[in-house]
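Let me begin by presenting the structure, written as structure tokens, before commenting on it.
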Amino acid sequence: MSFALLLAELESLGEHNDAIQSDRSKKLLNITRDTGEFLSVMVKATSAENILEIGTSNGYSTLWLASSLSAKGKVVTIEKQTDKITMAAENFVRAGLQDRIEQVQADAGEFIQRTDLIFDFIFLDADRSAYMDYIELLLSKLSAGGVLVCDNAISHRHELEAFTDYLSRQDGLTTCLVPVGKGEFVVHKA
């Protein structure tokens with residue numbers, strides 16, 4: 001199966017699953033296709049090699065990130081739910097990108113606190129209520145010249161208001177809101 005067909009299959013699966021699933025923890029909540037395309041362009045434009053993704057779900061967004069890396073690049077993706085980790089791992093193998101992806105089952109805040117890794121690119125698409133708890137630590141793991149992208153910045157603007165306001169006021173950060181998909185809040189670290 002081609003990569004494009006796999007992405008289309010995962011898009012369809014996500015839409016169908018989320019339409020019939022009432023339990024939020026069982027929803028896939030995938031990014032939109034145009035958000036995937038945006039992430040791909042951003043990864044390529046920044047020449048990112050070390051990516052952190054918080055919120056794997058079924059791996060749809062991870063595939064966009066990993067497919068945009070150079071051969072020596074790596075995505076570290078964090079997910080708490082075992083069933084989603086298993087589903088994502090299968091999709092990574094199907095795409096032939098498993099060698100570029102490291103899956104970590106953990107709480108995002110705990111992972112960020114214990115890792116020594118520095119990332120060129122960070123994608124946030126998880127529990128929005130926790131972002132403020134670990135934003136300073138997260139910024140310390142973002143390289144100079146690195147980019148952080150936060151999903152749902154328009155669709156869930158009220159939930160992210162403290163987070164986006166805080167980042168917009170920090171010295172050494174340049175921010176903007178991009179009206180792609182559900183809204184992407186983009187942060188560049190000087």
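The values are calculated or read from the model by the stated rules, or taken from the named source; none is laboratory data. Being a predicted model, the structure only gives us computed values, none of them experimental. Positions of Cβ are generated from backbone atoms using ideal geometry, with glycine treated the same way; all protein chains shown enter the neighbour counts.
Observations on the model:
- Of the residues in segment 75-89, at least one is within 16 Å of the chain's Cα centre (by Cα), outside any helix (DSSP H, G or I) and hydroxyl-bearing (S, T, Y).
- A count restricted to segment 90-128 and to residues that are assigned to a helix (DSSP H, G or I) and either surrounded by 14 or more Cβ atoms within 10 Å (Cβ to Cβ) or not acidic (D, E) (or both) stands at 14.
- Cross-chain or 6+ apart pairs with Cβ under 8 Å, segment 163-190 first and among the aliphatic types (A, V, I, L, M), then in a loop (DSSP other than H, G, I, E, B): L173/A190; L177/A153; L177/I154; L177/G183; V180/T32; A190/G172
- Taking the listed residues Y131, Y166, the one that is assigned to a helix (DSSP H, G or I), of a type outside the set (K, R), in contact with a Phe, Trp or Tyr (Cβ under 7 Å, 6 or more places away or on another chain) and more than 24 Å from S67 (Cβ to Cβ) is Y131, with no other qualifying.
- When T35, T62, T56 are checked against the criterion of being part of a helix (DSSP H, G or I), under 25 Å from V180 (Cα atoms) and touching a strand residue (DSSP E or B) at 6+ places or on another chain (Cβ under 6 Å), T62 stands alone in meeting it.
To keep it simple, each residue is scored yes or no on (1) of a type in the set (S, T, N, Q); (2) within 27 Å of A4 (Cβ to Cβ).
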{"site": "G55", "(1), (2)": "no, yes"}
{"site": "T62", "(1), (2)": "yes, yes"}
{"site": "D83", "(1), (2)": "no, yes"}
{"site": "Q105", "(1), (2)": "yes, no"}
{"site": "D116", "(1), (2)": "no, no"}
{"site": "D133", "(1), (2)": "no, no"}
{"site": "V147", "(1), (2)": "no, yes"}
{"site": "C150", "(1), (2)": "no, yes"}
{"site": "H158", "(1), (2)": "no, no"}
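- Flag if M1 is under 28 Å from K72 (Cβ atoms) and either out of contact with any Lys or Arg (no Cβ under 9 Å at 6 or more places or on another chain) or without any contact (Cβ under 8 Å) to a residue 24 or more places away in the chain (or both): no
- Residue check, V76 within 29 Å of G145 (Cα to Cα), surrounded by fewer than 23 Cβ atoms within 10 Å (Cβ to Cβ) and modelled with pLDDT of 95 or more: yes
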